[in-house]
Amino acid sequence: MKAIGLEDVHTEKWQMWRGWTRGTAEAEVISPTRRKLSVDAMGWTGSTPTGGAEGDLVTANLFNLDEEIKNAGRLAGELCLW
């Protein structure tokens, strides 16, 4: 770096962040018929509140994200099944 003309070149101590570990994830539809869903925890997202979360289930078309983004307001406050 000094060879290309940079000033105040020095080393500093640093530590690699330990990263993220995938936890468990569970979900189920409780009405009109009780049914377990296959789900995975998504990396780098916030945690679900203690005791879980409840809400209406809304589908989103992962194969047409441009259209989903145009209508993203319909997903506000809902639990989304991607």
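Miscellaneous remarks
- Flag if GLU28 is in contact with a strand residue (DSSP E or B) (Cβ under 7 Å, 6 or more places away or on another chain) and free of Cβ contacts under 8 Å to residues at least 12 places away in the same chain: yes
- In segment 9-24, the residues that are more than 25 Å from ALA41 (Cβ to Cβ) reach residues that are open to solvent by 100 Å² or more (accessible area, probe 1.4 Å) with C-beta atoms within less than 6 angstrom, at least six apart or across chains, in these pairs: VAL9/MET1; VAL9/LYS2.
- Qualifying positions in segment 28-74 - under 30 Å from ARG18 (Cβ atoms), among the polar types (S, T, N, Q) and exposed (fewer than 10 other Cβ atoms within 10 Å of the Cβ): SER38, THR45, SER47, THR50
- Qualifying residue in segment 67-74 (condition: at pLDDT 85 or above and of a type in the set (A, V, I, L, M)): yes
- Residue match in segment 35-46 (condition: closer than 22 Å to LEU75 by Cβ, outside any loop (DSSP other than H, G, I, E, B) and modelled with pLDDT of 80 or more): yes
The values are calculated or read from the model by the stated rules, or taken from the named source; none is laboratory data. Computed from a predicted model, the values in this text were never measured in an experiment. Counting neighbours? That spans all protein chains shown, and the Cβs are built from the backbone with ideal geometry, glycine included. Just the protein is used for accessible areas: all its heavy atoms, side chains included, with ligands, DNA and RNA removed. Shrake-Rupley method; radii C 1.70, N 1.55, O 1.52, S 1.80 Å.
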